[in-house]
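See structure below.
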Amino acid sequence: MKKLLLVLSLLIVAGISSLATLIFCFVESENKKTHPIEKFKNEFSEFKDLTPRDRIKPLSNSKVIEYFNRDSINNIVPLEELTKQETSTLNKLYQAIELWPLIYKDYLWDKVARIYIVDGLFSSGMARYIEKGNAHFILINRKLLSLKPNDWATQTEESCFYYNNLSDRLFVEIEQKTDSYLTLENVLIHELGHVIAIDEEITPDYIPRKLGGNYPFFKDAFYSDINKMHRKPNNKIINLTYYARQKDKVTFDDYYNLSKELKNTDYPTIYGISNQDEYFAEYFYLFFHCNIQGKNFRAYYHKNGLKELLIDNPLTKERCFDRIMLLINELHKLNYTQQSL
Ligand SMILES: [Zn+2]
């Protein structure tokens, strides 16, 4: 009996391993046929022929899966044709970019192959920057096409904290107007920060060969090795995970106290604590939004029935001054590169 069992189990193991080999060969040949990077290269080589307006377009979910390997895509639902309203929002976004200072407008259209509107993108800001095959892509959640800018900035559904008291509220004011194209514009500026950071090698990217480089922007703020965690305000270890699922969230009280502590640091926003990439992207966003566009960035807390202005144009903080000088330095290089081309 024991022998019979042994023979049977050997047969089962052999069966499983040959099935695995078959599956592996099948996947391998599929990969050879439709390697996503090859498709990216095509997309990227063709994009320069497209007008910038044509490069802001919706992307079907089958393409999202194919190109981006479901990277960061969650709960995929069928993407129907955009409504008239959504198309008009995209046109207004295009017009808004037209008003950007030339250097940033040129940089965007020079480096970013496509800005795709997608369904079901999971991220706290509802947008995602992806670099594949030397091409830059920005993915924006379709929801943002109908979300007012302050509502987007204030939304907490996908942020890192939860309210523990019904009377507690956070209100973030980034725009006077309520048009939803401004939501997209705000998101796009932040994502452009990522493109600049990676392309100009201001921050380390996640490609191992670039680790251990010299990144002056982060002097005394973050280690250049992305595997080492950054320091937290007042050296406290607060496990803030943006992209947080419910179980990882901190309480609103912790979030509120941390926001207060930020006042004496060079962290521009709480989101900027996440990692080096977000630290730079938040600096760039605030610099563009407040200093270039002359708008405000304020956060009000409604706590125990009292309204408190806690964050007011964060880059005006004394501790941010040196870092802005470094930022301007990096952006000057950008200018120089463009002029010297
Ligand atoms: Zn970001």
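Students often check this: by mean Cβ neighbours within 10 Å, which of 270-281, 168-179, 298-309 ranks highest, and how do the rest follow?
Values: 270-281: 22.8, 168-179: 16.2, 298-309: 13.3.
By packing density, highest mean first, the sequence is 270-281, 168-179, 298-309.
Skipping prolines and chain starts, which residues have an amide H placed within reach, meaning under 5 Å, of the one on residue 117, given they are 5 or more residues away or on another chain?
The answer is 57, 59, 140.
Give me the net charge for the shell around residue 172: Cβ to Cβ below 12 angstrom, other residues only, Lys and Arg +1, Asp and Glu -1. Mind dumping the intermediate values first?
Values: positive: 148, 169, 298; negative: 151, 173, 175, 312.
Around residue 172, the charge tally is -1.
Computed from the coordinates by the stated procedures, all read-outs in this text should not be read as laboratory data. Note that this is a predicted model, so its numbers are computed, not measured. With ideal geometry, Cβ positions are generated from the backbone for all residues, glycine too; neighbour counts draw on all protein chains shown.
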